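**Q** Just passing along the structure, written as structure tokens.
The values are calculated or read from the model by the stated rules, or taken from the named source; none is laboratory data. As the structure is a computational prediction, the values presented were derived from the model and not from experiment. Ideal geometry is used to build each Cβ from the backbone, glycine not excepted, and the neighbour counts take in all protein chains shown.
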Amino acid sequence: MIEALTLFDGLLGFLLLGLAWSVLASKDLFRSVVLFIVFGLIMAMAWVRLKAPDIALAEAAIGTGLTGVLLLDTLGFISRNRSEGKSKEKQGRKGTE
Amino acid sequence: MMRWVIGSVMIAFGGILVWGVMSLPGGDGLTVKVEERMEMSGVTHPVTAVLLNFRGYDTLLEIGVLLLALFGVYSLRRSRPDPTGVSVSHPFLLALTRLLVPVMILMGGYLFWSGAYAPGGAFQAGAVLGAAGVLLYLNGFDLPGRKKEWLLRLYLAIGFVFFLGIGGGLVAAGNRLLEYPPDLAGSLIIIIEAGLTLSIGFILAELYISNSSLEIGPDVFVTEKG
């Protein structure tokens, strides 16, 4: 029983590391945000395993729920503005990429 | 070249972090001290005792920062966004919202109340209320108090005002800031948490709602120009 839980904890840890990496490495911002939300949910589970249900609740509600909504909304805001000011954006792209 | 430099700095930083965590003093930390003083705290859940009593000013500053963040967003806002204008108005979402929002309000109340003796508390309850506000807004409903602006502002500020008012009152009564008298601690914490729950809910919802009318153009997202 203990071994199974240790295995689960290890899996959780590596899953978190992998998710964190793919959030940062993903080129597609939408994908990043979705992965970030998944990261938050797994993180909440990790907090439960660390016997910190208070933080798990806060992580799930604020860290994942509301932050995810805000990030998705911001993403929509950016793409709306980009399509509005496309000429400006093209100028900027030349500068940054 | 640059990425190797950055990489090695990050690895060094990570190493310092691991070393720091490893060299933390072991044992129970502050658990024993908190448990010794639990009966003075006015609540039975140690996390709430620390957040609202022993380290109350941290939480006071937290709600202050949250309010300041909203002021920042307000200052960038073009005008008060009209919920009917951005309504997603999908019948499924509408039905789900009608079903969920009453349950979420109940859930918020439960989380707030259970904070005194079990995991929960104002921030979690406020987050649930905030999510309910976002759902309502997406369906074109007004937030309560939006028509009366002073009422909305009262909701936003009430957590901080209660907290600071009680803290200031205690100072005036000769105690230190947020040093509750043990026999009053329970009820003071409930009052503060009630205000916090309401304010956090409204602040989080307003943060989202104001997002749709921010006065920043596309050039904000272009960091380096030509």
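**Q** Considering (1) surrounded by fewer than 17 Cβ atoms within 10 Å (Cβ to Cβ); (2) under 30 Å from residue B:121 (Cβ atoms); (3) at pLDDT below 90, say which one residue A:80 fails and leave the rest.
**A** The one condition residue A:80 does not meet is (2).
**Q** Does residue B:66 satisfy the condition of being modelled with pLDDT of 90 or more and surrounded by 12 or more Cβ atoms within 10 Å (Cβ to Cβ)?
**A** yes
**Q** Could you list, in sequence order, all residues of region A:46-66 that are buried (at least 18 other Cβ atoms within 10 Å of the Cβ) and not aliphatic (A, V, I, L, M)?
**A** The answer is A:47, A:54, A:59, A:63, A:64, A:65.
**Q** Would you check if there is a residue in region B:163-172 being under 17 Å from the mean Cα position of the chain (by Cα), small (Gly, Ala, Ser) and at pLDDT 90 or above?
**A** Initially, region B:163-172 is screened for residues under 17 Å from the mean Cα position of the chain (by Cα), giving B:163-164.
Next cut, small (Gly, Ala, Ser) only: none.
No, because not a single residue in region B:163-172 is under 17 Å from the mean Cα position of the chain (by Cα), small (Gly, Ala, Ser) and at pLDDT 90 or above.
**Q** Working only within region B:44-54, note down all residues that are under 20 Å from residue B:111 (Cβ atoms) and surrounded by fewer than 22 Cβ atoms within 10 Å (Cβ to Cβ).
**A** Once the filter is applied, which keeps residues that are under 20 Å from residue B:111 (Cβ atoms) and surrounded by fewer than 22 Cβ atoms within 10 Å (Cβ to Cβ), region B:44-54 yields B:44, B:45, B:46, B:47, B:50.
**Q** Here's another thing I want to ask about it. From B:138, B:99, which residue is in contact with a Leu (Cβ under 8 Å, 6 or more places away or on another chain) and free of Cβ contacts under 8 Å to residues at least 60 places away in the same chain?
**A** So the residue among B:138, B:99 that is in contact with a Leu (Cβ under 8 Å, 6 or more places away or on another chain) and free of Cβ contacts under 8 Å to residues at least 60 places away in the same chain is B:138.
**Q** State all residues of region B:190-226 that are within 11 Å of chain A (Cβ to nearest Cβ), in a helix (DSSP H, G or I) and modelled with pLDDT of 65 or more; if no residue qualifies, say none.
**A** B:200, B:201, B:203, B:204, B:205, B:207, B:208, B:209, B:210, B:211, B:212, B:213 - these are the residues of region B:190-226 that are within 11 Å of chain A (Cβ to nearest Cβ), in a helix (DSSP H, G or I) and modelled with pLDDT of 65 or more.
**Q** Take the residues in region B:115-133 that are of a type in the set (A, V, I, L, M, F, W, C) and surrounded by fewer than 24 Cβ atoms within 10 Å (Cβ to Cβ), then tell me which one is farthest from the other protein chains (Cβ to nearest Cβ).
**A** Filtering region B:115-133 for residues that are of a type in the set (A, V, I, L, M, F, W, C) and surrounded by fewer than 24 Cβ atoms within 10 Å (Cβ to Cβ), the one farthest from the other protein chains (Cβ to nearest Cβ) comes out as B:116.
**Q** Go through (1) touching a residue at least 12 places away in the same chain (Cβ under 8 Å); (2) within 11 Å of chain A (Cβ to nearest Cβ); (3) under 17 Å from residue A:58 (Cβ atoms) for residue B:112 and report which single condition fails.
**A** All conditions pass for residue B:112, except number (2).
**Q** If you don't mind, there's one more thing I want to ask. Find the residue count for region B:1-38, including only residues that are under 27 Å from residue B:52 (Cβ atoms) and basic (Lys, Arg).
**A** Going through region B:1-38 one residue at a time, the tally reaches 2.
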